[in-house]
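The values are calculated or read from the model by the stated rules, or taken from the named source; none is laboratory data. Note that the coordinates shown come from a computational prediction; the quantities given were computed from them, not determined experimentally. Cβ coordinates were reconstructed from backbone atoms using ideal geometry, including for glycine residues, and neighbour counts include every protein chain displayed. Remember, those area values only see protein heavy atoms, side chains included, never the ligands or the DNA or RNA. Shrake-Rupley method; radii C 1.70, N 1.55, O 1.52, S 1.80 Å.
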Amino acid sequence: MNDEAPRVRRVYEPAEPSDGTRVLVDRLWPRGVSKERAAVDVWLKEITPSTELRDWYHQNPEERYDGFTERYRTELGDPAHRAAVGELLDLMDQGTVTLITAVKEIDRSQIPVLVDHLRHRPGKHENPS
């Protein structure tokens, strides 16, 4: 088992061999970035916040971040998200993983919530039903 937390990089930074498996954790493909340049190995759309949650958060990010993080943590417990988290944990068990995102303010996005969730290594072998 690999206990290393995933790395985080913006998709606009060049890929590096030390990135290991590059996993895009955005629901939408990044604008202006070709698939070759992104060098994404896996695109886990299902691990991202729901469209409804993203839309709600983006209406007022300055005041809604705390609520966003709480709601996203809840979403990470639903069956679709748990399956995607399990897939990501499997990749992490195989070696270095770098989470790839297009967000500008990583610290005020879903990324810190997801990394924290992964650090607590939820039971990936739990039955998702």
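Taken over segment 30-60, the criterion of being assigned to a loop (DSSP other than H, G, I, E, B) and either of a type in the set (Lys, Arg) or open to solvent by 30 Å² or more (accessible area, probe 1.4 Å) (or both) is satisfied by Arg31, Gly32, Ser34, Ala39, Val40, Asp41, Asn60.
When segment 15-27 is filtered for residues that are in contact (Cβ under 8 Å) with a residue 12 or more places away in the chain and either in contact with a His (Cβ under 7 Å, 6 or more places away or on another chain) or not in a strand (DSSP E or B) (or both), the ones remaining, listed by number, are Ala15, Ser18, Asp19, Gly20, Val25, Asp26, Arg27. Annotation: of all residues in segment 106-121 being open to solvent by 40 Å² or more (accessible area, probe 1.4 Å) and in a loop (DSSP other than H, G, I, E, B), the one that is modelled with the highest pLDDT is His120. Just name the residue that is most open to solvent (accessible area, probe 1.4 Å) out of those in segment 83-105 that are aliphatic (A, V, I, L, M) and closer than 19 Å to Gly32 by Cα. If we take residues in segment 83-105 being aliphatic (A, V, I, L, M) and closer than 19 Å to Gly32 by Cα, then Val103 is most open to solvent (accessible area, probe 1.4 Å).
Taking every residue in segment 59-82 that is farther than 18 Å from Leu44 by Cα and in contact (Cβ under 8 Å) with a residue 24 or more places away in the chain and pairing it with any residue that is open to solvent by 40 Å² or more (accessible area, probe 1.4 Å) and outside any helix (DSSP H, G or I), at least 6 positions away or on another chain, the pairs with Cβ-Cβ distances below 9 Å are Pro61/Glu105.
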